[in-house]
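This report concerns only the one structure given below.
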Amino acid sequence: MNQKLDPAVKPRDDKEKIFSAIQPTSGLHLGNYVGALKNWVAEQKRYSCTFGIVDLHAITVPQDPKELKANVYKALAYYIAAGLDTEHCTLFLQSQVPQHTELTWVLNCFTYFGELGRMTQFKDKSKRQESVSVGLYDYPVLMAADILLHDTNLVPVGDDQKQHVELTRDLAERVNRRFGNDVFVIPQPAIKTTGARIMDLQDPAIKMSKSATNPSGVLFFDDSDKQLTKKINSAVTDSQTSVNPDNISPGIRNLAEIYASLSDISPQAVLEHFTGKMYGVVKKEVGELVTAILRPLRNEANRLLSDQSSLDLVLKNGADKAQQVAEATMKRVRESVGFLPRSK
Ligand code: TRP
């Protein structure tokens, strides 16, 4: 059972590999920027990075086909506008690399029913759906395939995805144990603990999320300066009028977090800076910083979106690069499982 695989089909290099992804569903927002994009831009030069737009994940809940296409282009345009550079990282669209679905099937056969039933995100999401597809249930296995195909060492994700990365590790170890040690690289979650959580402006108890019931709590990339300013000015605070460091409400803490994560000043220093200031002044400063960051991002994304054929070419090159690594992994998997190669 422990047969060694042909080393020729295991291309590895020494630079640690990062894989992460965002779903192309409706608007990207400030939480995505601070929690993911901004870090990816910093990581792309230090690591070997692959970033996916995961449209196969998106269809685990109903999607309008036209909107899905538009959202893929938008996500790509914003990725590039935010500073992801295909000279330094691989950007690709998940559905254009069929190895992702292929590996999902194989991993399905190594995943237990109970394991998927325990996933807290599945439990939450399925409560919100009228009918629950097998795809939604299987979502974590597709994510495991994403990670394992690309020989990933590190997976930067939010807290809410940690359980999925742990499942990925379990599956990788299970398959390696079954067939020998060299099928999959065992990935690690990389959870950012500081500044990673931007909360909803209207309900600072919940994470800023595109699925929020009230869009006025979410700062979307597509919002105009006027809309952004309006949302920040009407952010929920508390019954005080100025910042008192001994009594900070979640709403004010969130505004300080937003300011800190966009300015790279520590949340503590930001709170000191805001101490004694009227809430109106705090909101004005936060609004100015947010618009100063999102305006050029939006303008650049719109410029890129006006040239769809260039974006198609970025996707094509990304898929070609991603597929090379994915196919090398699939070769190891097919050989391990006992699938016959198609003869030439
Ligand atoms: N499930 C992730 C999210 O919603 C997106 C995702 C899909 C992902 N595949 C991935 C993240 C692989 C990291 C690695 O945030």
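The values are calculated or read from the model by the stated rules, or taken from the named source; none is laboratory data. No experiment lies behind these values; they were computed from the predicted model shown. Ideal geometry is used to build each Cβ from the backbone, glycine not excepted, and the neighbour counts take in all protein chains shown.
Given the stretch 9-89, what helices (runs of 4 or more DSSP H) lie entirely inside it while holding 1 or more residues that are among the hydroxyl-bearing types (Ser, Thr, Tyr)? Full working, then the answer.
Values: elements: 38-43, 55-58, 65-81.
By residue number, 65-81.
Restricting attention to the stretch 151-174, the residues that are in contact (Cβ under 8 Å) with a residue 40 or more places away in the chain, crowded, with 20+ Cβ neighbours inside 10 Å and not polar (S, T, N, Q) total 7.
Here Ile248 meets each of (1) over 32 Å from the mean Cα position of the chain (by Cα); (2) surrounded by 14 or more Cβ atoms within 10 Å (Cβ to Cβ) with one exception, condition (1). One residue alone among Leu28, Leu5 is touching a strand residue (DSSP E or B) at 6+ places or on another chain (Cβ under 9 Å) and modelled with pLDDT under 95, and that residue is Leu28. Screening the stretch 91-116 for residues that are free of Cβ contacts under 8 Å to residues at least 12 places away in the same chain and part of a helix (DSSP H, G or I) and picking the one that is surrounded by the most Cβ atoms within 10 Å (Cβ to Cβ) gives Trp105.
I need the full set of residues from the stretch 267-279 which are touching a residue at least 24 places away in the same chain (Cβ under 8 Å) and of a type outside the set (A, V, I, L, M), in order please.
Correct list: Pro267, Glu272, Phe274, Thr275, Gly276, Lys277, Tyr279.
Regarding Leu148, is this residue in contact with a Pro (Cβ under 8 Å, 6 or more places away or on another chain), within 14 Å of the ligand (Cβ to nearest atom), within 19 Å of Glu16 (Cβ to Cβ) and in contact (Cβ under 8 Å) with a residue 24 or more places away in the chain? Taking the combined requirement at face value, the residue satisfies it. Residues in the stretch 118-133 that are surrounded by 10 or more Cβ atoms within 10 Å (Cβ to Cβ) and not polar (S, T, N, Q): Arg118, Met119, Phe122, Lys123, Asp124, Lys125, Val132.
Do we find a residue being of a type outside the set (A, V, I, L, M), away from the ligand (no atom under 16 Å from the Cβ) and not in a loop (DSSP other than H, G, I, E, B) anywhere in the stretch 122-129?
Step one: list which residues in the stretch 122-129 are of a type outside the set (A, V, I, L, M), which gives 122-129.
From what's left, away from the ligand (no atom under 16 Å from the Cβ): 127.
From what is left, the residues that are not in a loop (DSSP other than H, G, I, E, B) are 127.
Yes.
The lone criterion from (1) modelled with pLDDT of 95 or more; (2) out of contact with any strand residue (DSSP E or B) (no Cβ under 9 Å at 6 or more places or on another chain) left unmet by Lys127 is number (1). Here Cys89 meets the list (1) at negative phi; (2) out of contact with any strand residue (DSSP E or B) (no Cβ under 8 Å at 6 or more places or on another chain); (3) at pLDDT 95 or above almost entirely, failing just condition (2). The set of residues from the stretch 48-79 being farther than 21 Å from Phe221 by Cα and within 14 Å of the ligand (Cβ to nearest atom) comprises Cys49, Thr50, Leu56, His57, Ile59, Thr60, Val61.
A quick yes/no check of all residues on (1) crowded, with 17+ Cβ neighbours inside 10 Å; (2) under 26 Å from Gln94 (Cα atoms):
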{"site": "Val286", "(1), (2)": "yes, no"}
{"site": "Gln308", "(1), (2)": "no, yes"}
{"site": "Leu311", "(1), (2)": "yes, yes"}
{"site": "Asn317", "(1), (2)": "no, yes"}
{"site": "Gln324", "(1), (2)": "no, yes"}
{"site": "Ala328", "(1), (2)": "yes, yes"}
{"site": "Val337", "(1), (2)": "no, yes"}
{"site": "Leu340", "(1), (2)": "no, yes"}
{"site": "Lys344", "(1), (2)": "no, no"}
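Among the conditions (1) among the charged types (D, E, K, R); (2) within 30 Å of Asp307 (Cα to Cα); (3) without any contact (Cβ under 8 Å) to a residue 40 or more places away in the chain, Lys127 misses just one, which is (2).
From the list Lys207, Lys226, the one residue that fits, being surrounded by 15 or more Cβ atoms within 10 Å (Cβ to Cβ) and among the basic types (Lys, Arg), is Lys207.
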